[in-house]
């Protein structure tokens, strides 16, 4: 008799502070009202460090311990958000200005988590392009043009200091922060 193994989805990110999340949420709600885009509303505003991965729920304790044992060697990182951009006609996002310290945090975090015994996390071969998503998988290409016309004219500037890295888990209807490592 086979046992049903329960898996959950997780990702690791820098979650924006509440005041920035509130501003980003206004853009996400605009996308929902105008085009029915709701996928981006399921996550708090964030910069992904380790993209979503599946893990047996029994491994969640080890995942939490891995987060808590993470040691970032950078003292201060200021994140500067400026303007909007997109990936093809599928993803609209807020730009994160190039930041070598942020890239180093991504590398240190990935290197640390890849050492987990489960092998659930693999090296991300894509170039690191930090951003804060406004709309993604449920944005139709035809709606993209209208949405981009709207956001291309808007200006957005914000700054915040990174104080922690978060572990998020997909719940029934949204991603929830289930762990945080401050430094």
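Values in this text are rule-based calculations from the coordinates and carry no lab data. Because the structure is predicted, anything quoted here is derived from the model rather than measured. Here the Cβ is made from the backbone with ideal geometry for all residues, glycine too, and neighbour counts use every protein chain on show.
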Of the listed peptides 87-96, 153-162, what is their order by residue-averaged count of other C-beta atoms within 10 Å, with the highest listed first? 87-96, 153-162
In vacuo Debye scattering of the range 6-96, one point per C-alpha: log10 I(q)/I(0) at q = 0.12, 0.13, 0.17 Å⁻¹? -0.51, -0.60, -0.94
Going by how many other beta carbons lie within 10 Å of each one, how would you line up 86, 150, fewest first? 150, 86
Over the alpha-carbon set of the range 22-66, divide Rg by the Kirkwood Rh and report the Rg/Rh ratio to two decimals. 1.16
Inter-probe distance in nm under a simple model that places probes 7 Å from Cα toward Cβ, at residue 62 and residue 98: 3.9
In degrees from 0 to 90, rounded to the nearest 10, what is the angle of the helix 100-114 Cα long axis to the longest principal axis of the chain? 40
Among 20, 38, what is the fewest-to-most ranking by other Cβ atoms within 10 Å? 38, 20
Largest to smallest principal axis extent of the C-alpha atoms in the range 95-152, angstrom: 45, 26, 15
Quick one: what Rg and Dmax do you get for the chain from the alpha carbons, in Å? 17.0, 60
With each run of n ≥ 4 DSSP H residues scored as -39500 (n - 2.57), what mean residue ellipticity at 222 nm is computed for the chain after dividing by its residue count and rounding to the nearest 500 deg cm²/dmol? -9500 deg cm²/dmol
May I ask for the distance between the Cα centers of the range 77-113 and the range 29-55, given as a whole number of Å? 15
If one takes the longest principal axis of the Cα atoms in the chain, at what angle in degrees, from 0 to 90 and to the nearest 10, does the Cα axis of helix 18-35 lie? 60
